[in-house]
Amino acid sequence: MKNPKNLQAIGDWVRKNRPDLVGYLPMAETNDAMLLLLTVGFEAGRQFQCEHPQWPLDRADLYLS
């Protein structure tokens with residue numbers, strides 16, 4: 001079964017931005033709870049970016065604190 005497009009995008013993002021986490025990607029394909037967390041977080045991030053298009057994404061201190 002082919003991965004849904006949002007899971008493919010998550011994998012692409014992890015490979016580009018967090019290569020240290022690539023080893024966890026297979027877990028997402030076999031663990032329903034992990035898949036749910038990944039896709040919900042991904043979609044929540046997309047919604048946030050859509051609602052706040054001017055938000056400075058390079059300023060993690062604004063949203064991770």
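Bear in mind these aren't lab numbers, they're just calculated from the coordinates by the rules spelled out. All values reported here derive from a predicted model rather than from experimental measurement. With ideal geometry, Cβ positions are generated from the backbone for all residues, glycine too; neighbour counts draw on all protein chains shown.
Step by step: first the residues of the range 24-65, then only those that are out of contact with any helix residue (DSSP H, G or I) (no Cβ under 8 Å at 6 or more places or on another chain) and of a type in the set (S, T, N, Q), then the one that is farthest from VAL14 (Cα to Cα). Which residue is that?
GLN54
From the residues in the range 21-54 that are of a type in the set (A, V, I, L, M) and more than 13 Å from the chain's Cα centre (by Cα), which one is surrounded by the fewest Cβ atoms within 10 Å (Cβ to Cβ)?
ALA33
Is there any pair with a first residue in the range 4-29 that is in contact (Cβ under 8 Å) with a residue 24 or more places away in the chain and a second that is of a type in the set (Val, Ile, Thr) whose Cβ atoms are under 6 Å apart and which are 6 or more apart or on different chains, and what are they?
The qualifying pairs are ASN6/THR39.
Here is a check on your reading of the model: is LEU57 surrounded by 11 or more Cβ atoms within 10 Å (Cβ to Cβ) and part of a helix (DSSP H, G or I)?
No, not satisfied.
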